Amino acid sequence: MAGKNCTKCPEFKNGKCGGEDSQCICRNCPRNMGMCIITRWCRETESEIFFEENFN
């Protein structure tokens, strides 16, 4: 079962992840990952987010 943030995750949207990884920090994060992707800032860890690929 995918977590609440999986539908916002670029890897899930691109079919690279099925949302089943129980160790995924994004899947288990209590914050809104969609907002973190837009701002490229993680509100949970208070750190910048770097993406290896262009997800736009």
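What follows draws every value from the coordinates through simple rules; no lab data is involved. Quantities reported herein were computed from a predicted structural model and do not represent experimental measurements. Note: ideal-geometry Cβ built from the backbone for every residue, glycine included; neighbour counts use all protein chains shown.
What the table shows:
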{"quantity": "Number of positions in segment 10-24 that are crowded, with 16+ Cβ neighbours inside 10 Å and among the hydroxyl-bearing types (S, T, Y)", "calculated": "0"}
{"quantity": "Segment 25-56, subset part of a helix (DSSP H, G or I) and among the β-branched types (V, I, T), residue surrounded by the most Cβ atoms within 10 Å (Cβ to Cβ)", "calculated": "I37"}
